[in-house]
Amino acid sequence: MELLEKNEQVQTELLRHFENKIEKGDSIEPRDKMPDGYRKHLIRQMSQHAHSEVIGMQPEGNWITRAPSLRAKQILLAKIQDEGGHGLYLYSAAETLGISRDEMISQLHSGKAKYSNIFNYPALTWADIGAIGWLVDGAAIVNQVSLQRTSYGPYSRAMVRICKEESFHQRQGYEIMAKMMSGTDAQKEMAQDAMNRWWWPSLMMFGPHDSESPHTGDAVKWKIKRHSNDELRAKFIDKTVQQAEVIGLTIPDKDLKWNDATGHYDHGAIDWNEFYKVISGSGPCNHQRMEHHKRVHAEGAWVREAAEAYRAKQEKQLLHS
Amino acid sequence: MTKEEALYKYSLKMGDNALVHSYRLSEWCSNAPLLEEDLALTNFALDMIGRAQAFLTYAGQVEGKDRTDDDLAYRRSERLFTNSLITELPNGDFAHTIARLLFVSVFERYFFTALQHSSDTTLAAIAAKTLKEVKYHATHATEWTMRLGDGTSESKKRMQAAINNLWMYTGELFETDEADAMLQGLNIGVDMPPIKENWLQYIKGTLAAANLTLPEDTFMQTGGHKGIHTEHLGHILSEMQYLQRAYPDAKW
Amino acid sequence: MTKDSQLGTWEVFMQSKPGANYIHAGSVHASDKGMALQNARDTYTRRGEGTSIWVVPSEAITASNPDDNDMLFDPANDKVYRMPTFYVMPEGAKAI
């Protein structure tokens, strides 16, 4: 009993120390003491973020072989490669919390870990590549810029690097849309159609409204999350509306209008039924994305085994020489 | 054949090889055995697209019909592509991709080492830049050949199968025609026999070090340089050229 | 063979230009030194960020314990005589 009390005291002391650091705005480093909830929250968020980058390679990867010019192919390939790199940075950052990449991958495969819902939508035409870069990456970057100041050091450092690299992603998407909007009628139609299909899912990327968001409390207190879902969503809408106007795209929301009082756009109601339907596995591509990832993982196993076996042989040889 | 015609053919062949090989490597994106390897294979594909742009742009200039690199890549049909067959074969497993990268990049290393001394300054400049890239590709392929050849019994089996399956496509890399001969005579093109000798020496050494067997001499497939391809190239082009063909008036 | 099928982890240090310090860039997975170096190259120098790379197995790195920060780092705080500005120089003296 006494021991338990002592332990509790130590824990309270540690928690106070941790909260002081957070309060002061110091970053938390891997060897710092941290509450279990903080660690768990980070692992969940960072692995989800990493999985999203990696799964996000698929819808765009679907268009690499069909990119309509050598320049377009180069850009798209470099962009998708970046997504892979960003997944890699984020897995590494999460690994500093004591979880291995292998564990994270098996959590993804078992369904315990999630990835961003947006990648469960199909990339149907070339204009979708524009829309994904402009809207999806545009939404992601709003979130990522905010996360550069997240309290966990390795996460924050990964985000700084990612933001620096991602700055061209949104531009490449917007450039595709702009080119198509100044092209033939068929191209314009394709661009508007992609806009119509990707607009609402992009808004959903910021997650439920603040009033409905279950994890926001601790994440804000611990400074993992620096802005609320609704704040970030508003930021995204505000900058995107103007960009759409410049190239002549219509935003598929008849209730969208500027609100002088709030200094933001008001938007129509988001169809959260669809959001939860897709999250729970009924999106058009959920099954396809996971099967792809599992297949690639299984098919690569013999290669990774061979690499390990080769190293073991080399080490043995070194020992005997 | 005029010098210009020969130079066009020469540049086109190098452009097509880079373009088609890059197509196959780009198919690995989001499909590699390790995230790091995904980035590596994509880097190689990007190097090759850059090289294709350089050679196809030059081919277009030499031809003098105002065709751009994109015109040549996206508006030519099967019989007009002159890449070596080995570049267009489907990826197969990782061992096949590594074996192809080994065979092709080691060839390219010796080839561009020679071509950087071409009396044609454009070819020499592209060759010098390309050489840096293919040296790395060859190193990467060599190291993986060792790991797979001397890894597990499964990886050894797969790597040996890949070497055996692709062997009959390696002869074509060294093939020369009238255009090659003419350009070599003008000190624009390279002398192939020493390249073949160096290549064979290197491949022999690598396979031996990786506990793999050099395939026996066999019939060598050919035809790519004359536009007689495997059935695979048609599928590559119908996918690659789809948007340009479906919307001929559109700019992308 | 390790249980983790993602291969071992390595820390990557990069020199951004000749003569500069090597700075931690991030990590990669690889089974051997050669692979680690190549993976670091393919991951962290895609935008010409480096002129030289070190890779170190992650397990070879020992980090100080944050609990020891008082003991390790605070004692240096009052040793101002290690700074050049601590010293009073006679007026008019040059090049010192």
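The values are calculated or read from the model by the stated rules, or taken from the named source; none is laboratory data. Every value quoted in this text rests on a predicted model; they were computed, and no experiment measured them. Ideal geometry is used to build each Cβ from the backbone, glycine not excepted, and the neighbour counts take in all protein chains shown. Keep in mind that these areas ignore ligands, DNA and RNA; they rest on the heavy atoms of the full protein, side chains included. Shrake-Rupley method; radii C 1.70, N 1.55, O 1.52, S 1.80 Å.
Structural remarks
- Scanning the range A:270-321 for residues that are open to solvent by less than 80 Å² (accessible area, probe 1.4 Å), of a type in the set (Asp, Glu) and under 24 Å from B:ASP150 (Cβ atoms) yields a single hit, A:GLU308.
- Restricting attention to the range A:270-297, the residues that are more than 8 Å from every other protein chain (Cβ to nearest Cβ), among the aliphatic types (A, V, I, L, M) and under 16 Å from A:VAL54 (Cα atoms) total 1.
- Per the conditions (1) out of contact with any Asp or Glu (no Cβ under 7 Å at 6 or more places or on another chain); (2) open to solvent by 50 Å² or more (accessible area, probe 1.4 Å), the sole criterion not satisfied by A:ARG66 is (1).
- Being of a type outside the set (S, T, N, Q) and surrounded by fewer than 16 Cβ atoms within 10 Å (Cβ to Cβ) holds for only one residue in A:ASP185, A:ASP137, A:ASP128, and it is A:ASP185.
- Hits in the range A:140-172 - residues which are aromatic (Phe, Trp, Tyr), crowded, with 22+ Cβ neighbours inside 10 Å and over 14 Å from the mean Cα position of the chain (by Cα): A:TYR152
- Qualifying residue in the range C:14-23 (condition: outside any helix (DSSP H, G or I), open to solvent by 50 Å² or more (accessible area, probe 1.4 Å), within 14 Å of chain A (Cβ to nearest Cβ) and farther than 26 Å from B:ASP47 by Cα): yes
- Considered as a group, the residues in the range A:82-96 that are open to solvent by 10 Å² or more (accessible area, probe 1.4 Å) and not hydroxyl-bearing (Ser, Thr, Tyr) include one that is farthest from A:TRP272 (Cα to Cα), and that residue is A:GLU95.
- Among the residues of the range A:1-34, the ones that are over 15 Å from A:ILE224 (Cβ atoms) and touching a Lys or Arg at 6+ places or on another chain (Cβ under 8 Å) come to 2 in all.
- Residue list for the range B:13-30, filter: open to solvent by 10 Å² or more (accessible area, probe 1.4 Å) and over 14 Å from B:PRO90 (Cα atoms): B:LYS13, B:MET14, B:ASN17, B:SER30
- Filtering the range C:58-96 to residues that are open to solvent by 100 Å² or more (accessible area, probe 1.4 Å) and under 19 Å from the mean Cα position of the chain (by Cα) leaves C:GLU59, C:THR62, C:PHE73.
- A:ASP218 vs. criteria more than 28 Å from A:PRO59 (Cβ to Cβ), more than 14 Å from every other protein chain (Cβ to nearest Cβ) and at pLDDT 95 or above: no
- Any hit, the range A:98-111, residues being at the interface with chain B (Cβ under 8 Å from one of its Cβ atoms), more than 30 Å from B:GLN244 (Cα to Cα), open to solvent by less than 10 Å² (accessible area, probe 1.4 Å) and not basic (Lys, Arg): no
- Residues in the range A:170-185 that are of a type in the set (Val, Ile, Thr) and part of a helix (DSSP H, G or I): A:ILE176 only.
- First in the range C:23-38 and of a type in the set (Lys, Arg), second anywhere and assigned to a strand (DSSP E or B) and at pLDDT 95 or above, Cβ under 8 Å, 6 or more apart: C:LYS33/C:VAL55
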